[in-house]
Amino acid sequence: MGRRKSSAASGLAALLILCVTSLTLFTIYVKEGEQGPLHTIQFGAAEVLQPLRGVVATVASPIEDVRGRVEGVFEDDKKQEFEQQVRQNQGLTAEASRLRRENERLREMVNGQRATYEYGPLARVVAPVGGQFSERIRLDVGTTDGIEPEMPVVVGDNLLVGRTMRVTDHTSEVLLVTDPEFAAGVRIVPPDTVDPETGELTASETEDGIPFGEGLLGTSWEAYLGIELVNLGDRAEKGDYVITSGRAGEKELLYPPGLLVGKVESSTARDIDQFKKIVVTPAVRPDDLEEVRVIVDW
């Protein structure tokens with residue numbers, strides 16, 4: 001018990017001595033000038049500890065670098081996650097746009113059906129057929145869908161695409177209007193003379209009594225078509241519609257009359273020629289075809 005009291009008294013005395021000593025030194029430090037002994041001791045200690053500070057800074061620098069890299073990694077991860085979300089949103093937007101276009105095409109296909117025509121089911125283009133000098137496609141409909149050879153194929157309301165050729169149970173090969181082997185009887189008419197709903201003409205000649213040109217749609221020149229056997233005196237002007245006439249040589253009604261084939265790009269005639277030379281821009285491009293219909297009866 002006596003030892004504990006002695007230790008406590010000694011500790012209190014030591015604390016009192018330290019406080020008095022500190023107060024005395026602080027008073028001397030304040031009153032002395034910069035050349036005083038306490039200031040000299042302070043400057044000397046600073047010089048001694050300066051290398052130690054450099055060592056501490058050197059040791060701490062890699063730690064700061066590592067921390068910066070770690071923070072950079074987290075920032076990169078957030079950036080990549082954000083970019084991935086942006087790409088996903090862009091993909092969803094593109095898909096929505098594609099579905100909207102497809103719905104518009106399907107709506108156009110349905111609205112374009114004519115009451116006097118009987119159609120096969122909606123057919124999709126599954127593959128191109130042929131080589132460098134042929135323009136053909138394959139559809140995913142066949143005899144089980146009521147499709148037979150020599151049936152007209154259309155897109156939209158009345159755009160002629162071609163005609164069926166080889167037909168199997170579930171596929172059909174189509175000869176496109178842009179193929180050199182394609183032929184059809186056509187008529188050349190001003191745009192305002194065709195009824196877009198029925199494809200029928202409201203007149204058979206111009207106000208001047210000039211008959212509309214008729215001929216045979218035939219050979220293609222790259223992206224263009226040609227019409228042969230149009231009389232020099234018949235109407236055939238740039239911008240006129242080219243529609244099926246329902247005749248092709250001696251074959252009657254190979255195609256329904258009034259299907260749109262294209263527009264006249266140019267029409268030339270010379271006195272030494274017997275017929276006009278007519279170049280036609282097709283109404284549809286083979287590369288744009290996705291869904292079509294086959295007219296099975298009319």
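Looking at this structure, is Arg124 charged (D, E, K, R) and either closer than 30 Å to Pro180 by Cα or modelled with pLDDT of 75 or more (or both)?
Judged against the criteria, Arg124 is a match.
Applying the selection to segment 160-210, what residues are closer than 19 Å to Asp288 by Cβ, β-branched (Val, Ile, Thr) and more than 30 Å from the chain's Cα centre (by Cα)?
Selection gives nothing.
How many residues does segment 254-298 hold that are farther than 23 Å from Leu232 by Cα, in a loop (DSSP other than H, G, I, E, B) and among the aliphatic types (A, V, I, L, M)?
The qualifying residues number 5.
Where in segment 160-253 are the strands (runs of 3 or more DSSP E), entirely inside, with at least 1 residues that are modelled with pLDDT of 85 or more and more than 21 Å from Ser266 (Cα to Cα)?
Those strands (runs of 3 or more DSSP E) span 172-176.
Quickly run through segment 138-159 and pick out the residues that are under 27 Å from the mean Cα position of the chain (by Cα) and either free of Cβ contacts under 8 Å to residues at least 12 places away in the same chain or in a loop (DSSP other than H, G, I, E, B) (or both).
Asp140, Gly156, Asp157, Asn158
The values are calculated or read from the model by the stated rules, or taken from the named source; none is laboratory data. Note that the coordinates shown come from a computational prediction; the quantities given were computed from them, not determined experimentally. Methodologically, a virtual Cβ is constructed for each residue, glycine included, from the backbone with ideal geometry; neighbour enumeration extends over all protein chains shown.
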